[in-house]
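So the structure is just underneath, and the comments pick up after that.
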């Protein structure tokens, strides 16, 4: 199932979409916009999260609170990552993602690994961040 969330940490509110399993991750990859920002926990399986950037915000100017929401969302939805005190979350524009023949469902690659951004995400303070976001959740 694909889940949608509304972040009110920015004005206008930002839309965030998350694929819970590989089939939904594949669906998000196919329907996402090139300017969306993709998030995933590094080196372990996790949900894929896509952030639709609000007008006037770029990948380099994502507000701290919005970035934290997206990162905490992928950490929480990683079977291994949720148990870890600290994870690295990678994020890049969707236009940097590629799918080539032979890849498994939900698996993606990158055109340019040098433009992937990374952020350390800690376990602390997750409850408040995620409760606010999950209160806006809907299924698509």
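Remarks
- Residues in segment 48-63 that are on the phi > 0 side of the Ramachandran plot and touching a helix residue (DSSP H, G or I) at 6+ places or on another chain (Cβ under 7 Å): none.
- Out of 126, 136, 140, sole residue that is within 17 Å of the chain's Cα centre (by Cα) and within 14 Å of residue 41 (Cβ to Cβ): 126
- Cross-chain or 6+ apart pairs with Cβ under 6 Å, segment 2-19 first and over 13 Å from residue 48 (Cα atoms), then buried (at least 20 other Cβ atoms within 10 Å of the Cβ) and modelled with pLDDT under 90: 5/133
- Selection of segment 119-140 for residues being assigned to a loop (DSSP other than H, G, I, E, B) and surrounded by 11 or more Cβ atoms within 10 Å (Cβ to Cβ) yields 123, 136, 137, 140.
The values are calculated or read from the model by the stated rules, or taken from the named source; none is laboratory data. Since this is a predicted model, take the numbers as computed values, not measurements. Methodologically, a virtual Cβ is constructed for each residue, glycine included, from the backbone with ideal geometry; neighbour enumeration extends over all protein chains shown.
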